[in-house]
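What follows is calculated from the coordinates using simple rules that are stated; it is not laboratory data. The model shown is predicted, which means the values in this text are computed figures rather than measured ones. As a convention, Cβ positions derive from the backbone with ideal geometry for all residues, glycine included, and neighbour counts pool all protein chains shown.
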Amino acid sequence: MSQQIETLEHGIITKIACGDMNVRVYSTKDAIEDQVIILDRQGKGIIIELPCFHDSIAELTKYLADNKLEIVGKLVSYHAEGSSFLPDVKNYLTESAVAYNTDGEGAHLVQNFSGVFGAAFDSGIINAGEKLNGGKMNIAGIDIEIIPQRDTSRV
């Protein structure tokens with residue numbers, strides 16, 4: 001395995017090559033210091049979690065385009081805010097993730113973050129997409145396993 005680090009204005013990309021697949025972690029430099037995970041193989045990939053600040057959304061979108069990565073799915077779990085990020089890409093959610101982010105603790109966090117961070121924060125919540133029940137599946141040529149949890153899910 002090899003690792004590369006690329007420092008961007010609003011975040012840092014750590015790319016780890018794992019055979020024919022890459023794991024990229026976009027660590028934001030915003031107030032939440034969040035991570036977005038990108039799994040990619042042969043130019044196609046999936047996103048696990050979303051960036052939620054507009055600067056990070058714009059920067060990561062540009063990074064994906066510059067690196068010719070076609071994202072074919074977004075796995076939305078604890079961080080459903082950031083609906084302006086790749087809006088035309090298919091969303092995947094468990095039933096518990098929808099509940100957590102619509103009426104549960106996640107919805108309350110987004111409401112609070114919106115008040116604190118204002119217009120810099122994308123408070124749009126993703127709560128629609130293909131329902132995941134758990135188990136093994138393949139997206140973008142990448143095998144994953146969804147393990148439902150009480151609040152959301154684990155990949």
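For the range 2-154, a simple Cβ point-charge model (Lys and Arg +1, Asp and Glu -1, everything else neutral) yields a dipole of about 420 debye relative to the Cα centre. Ellipsoid semi-axes for the chain, based on the Cα gyration tensor and the rule √(5λ), read 23, 21, 12 Å when sorted largest first. Exposed loop positions in the chain were taken to be trypsin sites (Lys or Arg not before Pro) whose DSSP state is not H, G, I, E or B and which have at most 12 other beta-carbon atoms within 10 angstrom. Between these positions, the longest stretch is 69-149.
Note on the chain: dipole from Cβ charges, positive end direction compared against GLN3, MET137, ALA31; the farthest Cα belongs to MET137.
When only alpha carbons are used to place a centre, the range 91-111 and the range 1-75 end up 22 Å from one another.
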